[in-house]
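Structure record follows, encoded as structure tokens.
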Amino acid sequence: MNNRLEYLKSITPFNALPTEVLQGVAEQLQEINYQKDVVIYQQDVTMMKGVDIIVQGSYESFFYDSAGNKRLIENHEPGFCYGGVSVLLNRRRSLRTVVAKKGTLVYFLHRKDFRLLCKTYEDFFLHFTAEFGKRMQNEEFVHFFKQPASFAESYIASEQLYSRRVESIEYRPVIACQGHTPIYKAAQLMAAQKTSCLFILNDGQKIVGYVTDITLRDKVIARQHDTADAVSLVMDTPIVSISADALVYEALLMMFQTKTRYILIQKAAGYVGFISRNKLLSEQAQSPMVFIQSVKLALSTDELKRKWQSVPQFVTQLLGRGVNAEIVNQIITTVADTIAQKVIESVIAQIGPPPAKFVFMVLGSEGRKEQTFKTDQDNAIIYEDKANEHREEVRAYFLDLATRVSTDLNNIGFVYCTGDFMAQNPKWTHSLSHWKRNYDYWMDESIPETVINFSTFFDCRTIYGDNTIMDELHQFLDERLQQPLEKLFFHMAKNALQYEPPLTFFNTIRTFKKDSREVFDIKRTMSPIVDLVRVYALKNRIFEVNTGERMKALKAKGIFSESEYHELIQSYYFLMNLRLKKQTEQIIQDHTEPDNYIDISQLSKIERVTLKEIFKIIENFQSKIKVSFTGGVLS
């Protein structure tokens, strides 16, 4: 047994586990000998009972192609652990075919023990997801990995992700202690309860923070913090919670967006338990959420570029399975946000910490969480006001940050904005007081040019930085929007009326020639919906940024009737579905740059009939907005 323990201490990732844990693992290992050229596992057929740690000899792994040839042959020497990726990310099926070489001895660890290690120790789990992420950079590997996969099983996995409730996932009970508890006692409680997350209570018995194994490693051990101090001094925040009725994909998106590894589950007025990101990911291994995790682990802009180039594949699969375009938009947005956050963090690491609190915000379609593949950068920076003697120094830092971030994003695939709505443009990187003056000017002047700016910068949200700055801006806008602003709404309504749906008097779809094709511009077709919903949101001081979320809020306030809401939201996401399908086909099948032109000849009869009905709905809403927002001024 001592030999096994010493061997585990010498190999990755087991050497990262505590000694007492390794002792328990060593006791569970089984020794297995294999003769030369024995086929141990068959790709996508053999169900893995656990993982093999090679001690002597070697494994040869490969894919078989349709002609029976070995492809992507790899030799695995002592110290390699085979089966981790298969158990976690391939429905327990062996990823590849494996043949033992002469004199092979392995230590076998049962999958339940392996999964427990993954759930408890994040670094251990990430070793295997990172290994898979690296392999997925190889186009040939991706081809053979995807080929054998059962579409039915993948479909079921996807459907579970988008229909399964959080309460259906097994969650842990909340273990908590008072904030004044000494750190060492908190650690003892975690060990006794076998939990990697301990929640911290204030004097009112409200959960105000948490500590994890990583907290203790980074904030206590690494910094030699006094373990007799109160645990509240090292706890992490904020607390993130979600309703037990929420869908699994919503929980995962929330965890990625808030960068938390643990989320509390709420029922009625209390918390019934918590769940870890690793738990949700391992349960949804076939979903794009694993891909998002791999994006978070990327180490360079080149790697981030490859990740972004892979997104159309996911989108094609999701749309093909009938996943709603609203959800697909959220997936694309989360990936784009994650990439931008990685870039910002990387640049800050290069140039040093910021001299003031700030937010990096995105605008336009990305600000609305409606990003497609025909998109460019739209962003800006707001930083806190500083004393006059530091003003230029602070401004120089953020302009440098913005330029570096924009350059990296452009290299990754988020091209420069042709209208120069980017933080690297000195016009769009300013202090909070300057931004308030910008909004004041746009609202007070209210001419077509300033209204365009206001519309662009109303569709904004923070993807990095201190949210209190954006909260203060929203509070300022909320107060301003309570004042008479008929001229502003008039010009915004006119924007929503500029585009005439391409429906002729004879009820046919109006097209124009584009490279010998009869097409219409689907982005322009969707714009009136975006514009008119924005006007109603502003008028009613609704600060949701997403068009769909704005519609829901307007329905909740009684501004849109139930039927109006359903007509509009179904129309919008039908158009978004068409747009995303078209763009992914151009990228994947045609290897061309995506655009927004829909070829009428490529649409089915049902799609054409649906489009005509949508155009009528848009016309009806345009008539309504004309009466509501322009009638009084014109008269």
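The values are calculated or read from the model by the stated rules, or taken from the named source; none is laboratory data. In this text, all values refer to a predicted model and were calculated from it rather than measured experimentally. Neighbour counts are summed over all protein chains in view; Cβ atoms, including those assigned to glycine, are modelled from backbone coordinates with ideal geometry.
Here A251 does not fit the description of being surrounded by 17 or more Cβ atoms within 10 Å (Cβ to Cβ), touching a Lys or Arg at 6+ places or on another chain (Cβ under 7 Å) and in contact (Cβ under 8 Å) with a residue 40 or more places away in the chain. Can you name the residue in the range 240-264 that is out of contact with any helix residue (DSSP H, G or I) (no Cβ under 8 Å at 6 or more places or on another chain) and modelled with pLDDT of 90 or more and, of all such residues, is nearest to T333 (Cα to Cα)? Top of the filtered list is S241.
Working only within the range 583-593, note down all residues that are of a type in the set (S, T, N, Q) and either in a helix (DSSP H, G or I) or touching a residue at least 24 places away in the same chain (Cβ under 8 Å) (or both). Talk me through it step by step, then tell me what you get.
Of the range 583-593, the ones of a type in the set (S, T, N, Q) are 583-584, 586, 589, 592.
Correct list: Q583, T584, Q586.
Checked against (1) of a type in the set (A, V, I, L, M, F, W, C); (2) under 29 Å from the mean Cα position of the chain (by Cα); (3) not assigned by TED's automatic domain parsing to the domain that holds V609, L488 passes all but a single condition, namely (2). Can you find, within the range 287-329, the residue that is farthest from K581 (Cα to Cα) among those that are under 14 Å from the mean Cα position of the chain (by Cα) and charged (D, E, K, R)? Applying the filter and picking the extreme gives K296.
I'd like to know if the range 21-34 contains one or more residues that are in the same structural domain as R92 (by TED's automatic domain parsing), in contact (Cβ under 8 Å) with a residue 24 or more places away in the chain and closer than 20 Å to E140 by Cβ.
Scanning the range 21-34, I find no residue that is in the same structural domain as R92 (by TED's automatic domain parsing), in contact (Cβ under 8 Å) with a residue 24 or more places away in the chain and closer than 20 Å to E140 by Cβ, so the answer is no.
There is no residue in the range 479-500 that is polar (S, T, N, Q), surrounded by fewer than 13 Cβ atoms within 10 Å (Cβ to Cβ) and within 30 Å of V405 (Cα to Cα). Residue selection: I509 satisfies the criterion of being surrounded by 17 or more Cβ atoms within 10 Å (Cβ to Cβ) and more than 25 Å from the chain's Cα centre (by Cα).
Every residue in the range 457-497 that is polar (S, T, N, Q) and at pLDDT 85 or above, please. Let's see the steps before the verdict.
Within the range 457-497, the first condition is being polar (S, T, N, Q), and the residues that meet it are 462, 467-468, 475, 482-483, 495.
T462, N467, T468, Q475, Q482, Q483, listed by residue number.
Scanning the range 542-582 for residues that are within 27 Å of the chain's Cα centre (by Cα) and part of a loop (DSSP other than H, G, I, E, B), which turns out nearest to K616 (Cα to Cα)? Among those that are within 27 Å of the chain's Cα centre (by Cα) and part of a loop (DSSP other than H, G, I, E, B), it is N546.
Of the residues making up the range 286-296, not a single one is out of contact with any Phe, Trp or Tyr (no Cβ under 9 Å at 6 or more places or on another chain), in a helix (DSSP H, G or I) and buried (at least 18 other Cβ atoms within 10 Å of the Cβ).
Pick out the one residue from V323, V315 that is in the same structural domain as S365 (by TED's automatic domain parsing) and part of a loop (DSSP other than H, G, I, E, B). Don't jump to the end; show me each part of the working.
On the way: V315 fails: part of a loop (DSSP other than H, G, I, E, B).
None of the others qualify; the one that does is V323.
Looking only at residues in the range 257-281 that are over 11 Å from A244 (Cα atoms) and among the charged types (D, E, K, R), the one that is surrounded by the most Cβ atoms within 10 Å (Cβ to Cβ) is R277. Evaluating T334 against the criteria (1) buried (at least 17 other Cβ atoms within 10 Å of the Cβ); (2) farther than 14 Å from I463 by Cα; (3) in contact (Cβ under 8 Å) with a residue 60 or more places away in the chain leaves one unmet condition, (2).
Would you confirm, using the coordinates I've provided, whether G68 is modelled with pLDDT of 90 or more and out of contact with any Gly (no Cβ under 7 Å at 6 or more places or on another chain)?
Working: modelled with pLDDT of 90 or more: no; out of contact with any Gly (no Cβ under 7 Å at 6 or more places or on another chain): yes.
So G68 fails the test.
Taking first residues from the range 374-391 that are touching a residue at least 60 places away in the same chain (Cβ under 8 Å) and partners that are among the aromatic types (F, W, Y) and in a loop (DSSP other than H, G, I, E, B), the Cβ contacts under 7 Å between residues at least 6 apart in sequence or on separate chains come to D378/F421. Checking the range 594-616 against the condition returns no match, with no residue being within 18 Å of T372 (Cβ to Cβ), in a helix (DSSP H, G or I), touching a residue at least 60 places away in the same chain (Cβ under 8 Å) and basic (K, R). Taken over the range 76-118, the criterion of being basic (K, R) and touching a strand residue (DSSP E or B) at 6+ places or on another chain (Cβ under 7 Å) is satisfied by R92, R93, R96, K101, R111. Does S527 satisfy the condition of being surrounded by fewer than 20 Cβ atoms within 10 Å (Cβ to Cβ), under 20 Å from I327 (Cα atoms) and in the same structural domain as N620 (by TED's automatic domain parsing)? Against the criterion (surrounded by fewer than 20 Cβ atoms within 10 Å (Cβ to Cβ), under 20 Å from I327 (Cα atoms) and in the same structural domain as N620 (by TED's automatic domain parsing)), S527 qualifies. Here the condition is being at pLDDT below 95, hydrophobic (A, V, I, L, M, F, W, C) and in contact with a helix residue (DSSP H, G or I) (Cβ under 9 Å, 6 or more places away or on another chain); of I169, I156, I200, it holds for I169 alone. Condition first: among the hydrophobic types (A, V, I, L, M, F, W, C), closer than 19 Å to T338 by Cα and not in a helix (DSSP H, G or I). Now tell me which residues in the range 380-415 satisfy that. Correct list: A380, I381, F414, V415. D408: out of contact with any strand residue (DSSP E or B) (no Cβ under 8 Å at 6 or more places or on another chain), in contact (Cβ under 8 Å) with a residue 12 or more places away in the chain and of a type in the set (D, E, K, R), yes or no? In short, yes.
Give the range 191-214 a look and list any residue that's assigned to a helix (DSSP H, G or I), aliphatic (A, V, I, L, M) and either farther than 18 Å from E20 by Cα or within 30 Å of the chain's Cα centre (by Cα) (or both), or say none. Walk me through it before giving the result.
Looking only at the range 191-214, we keep the residues that are assigned to a helix (DSSP H, G or I), and these are 191-193, 213-214.
If we keep only those that are aliphatic (A, V, I, L, M) too, we end up with 191-192, 214.
I214, the sole residue that qualifies.
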